[in-house]
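The values are calculated or read from the model by the stated rules, or taken from the named source; none is laboratory data. These numbers were taken from a predicted model, which means no experiment stands behind them. Using ideal geometry, Cβ is built from the backbone for each residue, glycine included, and neighbour counts are taken over all protein chains shown.
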Amino acid sequence: MVSNMITKMTSYLVINGIIEDEEREIYSYGLHQGLLIIINIMTTLFIGFLFKEVWEIIVFMIAYIPLRTYGGGYHAKTELRCYFLSVSLIIASLLLIKFIPITKISLLTLSSISGVVVYIFAPVEDKNKILNEMENKIYKRKTRIILSVEILVALLLYILGFEIFSLIISVAIFMVSLMIIAGRIKNTKKIENTLEC
């Protein structure tokens, strides 16, 4: 149904001379990706609304998305699996935010351990996003910069009395560290399977 709608939209653009026929595939891909982003954002906001934590989920996504983009990690094989993994991750994050006691020890432990994982192991590539040596260096540097900024912001927020937002950023870093660990495990298994063949 979605692909049918995208096909009609790109045909409309070609017929009305807005794009060239040779550009059909590029625009089709762009529309498809844009639609997926909109669906994910709407779902995330809806989950935040259900949990009565819309602001919390917005802050979480602001911290999570840039770190995940450059840190990489596990990616599901299909778009549907990716969608359900994302929904599960959002719900798990909101539950953590709701039930983790906000203390210096919990925040320090959560952000320190997950920060070390991200700092050491990121970026973790996927078969859909293979990194060459130069890209690996760039992604590593950007991941470390984003991580450092997020940890400093979390610390500053805690000092200023906004402990909940400090916790949210720490949970975002924690979730990225889990995706990085899962991605490394997936890549290791893939290498082992290749060697066995």
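A few notes on this one:
- For segment 18-54, the set of residues classified as more than 19 Å from Tyr83 (Cα to Cα) and either in contact with a Cys (Cβ under 9 Å, 6 or more places away or on another chain) or assigned to a loop (DSSP other than H, G, I, E, B) (or both) consists of Ile18, Ile19, Glu20, Lys52, Glu53, listed by residue number.
- Any hit, segment 29-46, residues being under 20 Å from Asp126 (Cβ atoms), of a type in the set (A, V, I, L, M, F, W, C) and out of contact with any Gly (no Cβ under 8 Å at 6 or more places or on another chain): yes
Residues are listed down the side, and each one gets a yes or a no for (1) assigned by TED's automatic domain parsing to the domain that holds Lys140; (2) of a type outside the set (D, E, K, R); (3) free of Cβ contacts under 8 Å to residues at least 60 places away in the same chain:
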site: Tyr12; (1), (2), (3): no, yes, yes
site: Glu20; (1), (2), (3): no, no, yes
site: Ile41; (1), (2), (3): no, yes, yes
site: Thr44; (1), (2), (3): no, yes, yes
site: Ala63; (1), (2), (3): yes, yes, no
site: Arg68; (1), (2), (3): yes, no, no
site: Gly72; (1), (2), (3): yes, yes, no
site: Cys82; (1), (2), (3): yes, yes, yes
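- Output for segment 61-120, where each listed residue is of a type in the set (Phe, Trp, Tyr) and within 18 Å of Gly183 (Cα to Cα): Tyr64, Tyr70, Tyr74, Tyr83, Phe84, Tyr119
- With respect to being over 26 Å from Ile145 (Cα atoms) and either free of Cβ contacts under 8 Å to residues at least 40 places away in the same chain or part of a helix (DSSP H, G or I) (or both), Val87 fits the description.
- Complete set of residues in segment 63-84 that are surrounded by 15 or more Cβ atoms within 10 Å (Cβ to Cβ), of a type in the set (A, V, I, L, M, F, W, C) and farther than 16 Å from Lys129 by Cβ: Ala63
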